[in-house]
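Structure, as structure tokens:
The values are calculated or read from the model by the stated rules, or taken from the named source; none is laboratory data. This one's a predicted model, so the numbers in the text were calculated from it and none came from an experiment. Every residue, glycine among them, receives a Cβ derived from its backbone with ideal geometry; neighbour counts consider all protein chains shown.
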Amino acid sequence: MQVEIWSDIVCPWCYIGKRRFEAALSRFSGRDRVEIIWRSFELDPSAPNQTNEDMATRLSKKYRMSKDKANETIANITNLAKAEGLEYHLDSAKQGNSFDAHRLLQLANIHGLGDAVKERLMRAYFTDSLEISNQDVLVELGVQAGLDGTEIRGMYANDYMVSNVRSDEALASKYGITGVPFFVFDSKYGVSGAQDSEVFLEVMNKVREEAPSIKMIGDTDAAGCNEDSCAL
């Protein structure tokens, strides 16, 4: 089973959704046969690399809400994250552009380290208050997650992985995805938002039940070879 997950590193619901999906996956008996692909999605492609704005100010501007409402929203989502075992420090989160972080994620996918890098990036942003738009910071985070620092620096020296990010975003547009997190199971079922873990578990069980089986035709004992013997 293949699960594609579109999310943005700076999306608070995406980290919560990640934890809820992981909780469902831990209860799914076929979890060893689930392939997870982390897809890129930018909530604000035009965001500056650096800004002195705090999250409350940014939320109030982006979603046209009062500062008090923004602070209330931050408090609510911090409590929801805590219920999933996550520690959010949104008041000190460094605002910025997530594009280079997505390039790092794409590089990680190639090396089979997508989940490790995704986790490190989100913890860096939401818990450690690190600047995930800073390439030097991203190199260090990538190394901590198992990537080679020289390869990461080489990536940032040119346009490597840019097309991979754009390809994910184009596919999201093709699917009609306008918000994240968004989960696609075997290119067949979509789940939007940080749903309860029971929803994810239900979908995975449904996909497994609907998996096509091979219908045998002819003599099943016909001559052939296997690992231990060969009909001669």
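Results, tabulated for the structure shown:
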{"quantity": "Meets criteria (among the charged types (D, E, K, R), crowded, with 18+ Cβ neighbours inside 10 Å and touching a strand residue (DSSP E or B) at 6+ places or on another chain (Cβ under 9 Å)) for Arg103", "calculated": "yes"}
{"quantity": "Unique match (being surrounded by 10 or more Cβ atoms within 10 Å (Cβ to Cβ) and either modelled with pLDDT under 95 or not hydrophobic (A, V, I, L, M, F, W, C) (or both)) among Gly224, Gly154", "calculated": "Gly154"}
{"quantity": "Selection status of Arg58, surrounded by fewer than 20 Cβ atoms within 10 Å (Cβ to Cβ), of a type outside the set (Val, Ile, Thr) and farther than 18 Å from Ile132 by Cβ", "calculated": "no"}
{"quantity": "Ser129, sole failed condition from (1) loosely packed, with under 13 Cβ neighbours inside 10 Å; (2) on the phi > 0 side of the Ramachandran plot", "calculated": "(1)"}
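Okay, residues lined up against (1) assigned to a loop (DSSP other than H, G, I, E, B); (2) free of Cβ contacts under 8 Å to residues at least 12 places away in the same chain; (3) surrounded by fewer than 20 Cβ atoms within 10 Å (Cβ to Cβ); (4) on the phi > 0 side of the Ramachandran plot:
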{"site": "Ile9", "(1), (2), (3), (4)": "yes, no, no, no"}
{"site": "Tyr15", "(1), (2), (3), (4)": "no, no, no, no"}
{"site": "Arg19", "(1), (2), (3), (4)": "no, no, yes, no"}
{"site": "Leu25", "(1), (2), (3), (4)": "no, no, yes, no"}
{"site": "Asp44", "(1), (2), (3), (4)": "yes, no, yes, no"}
{"site": "Thr51", "(1), (2), (3), (4)": "yes, no, yes, no"}
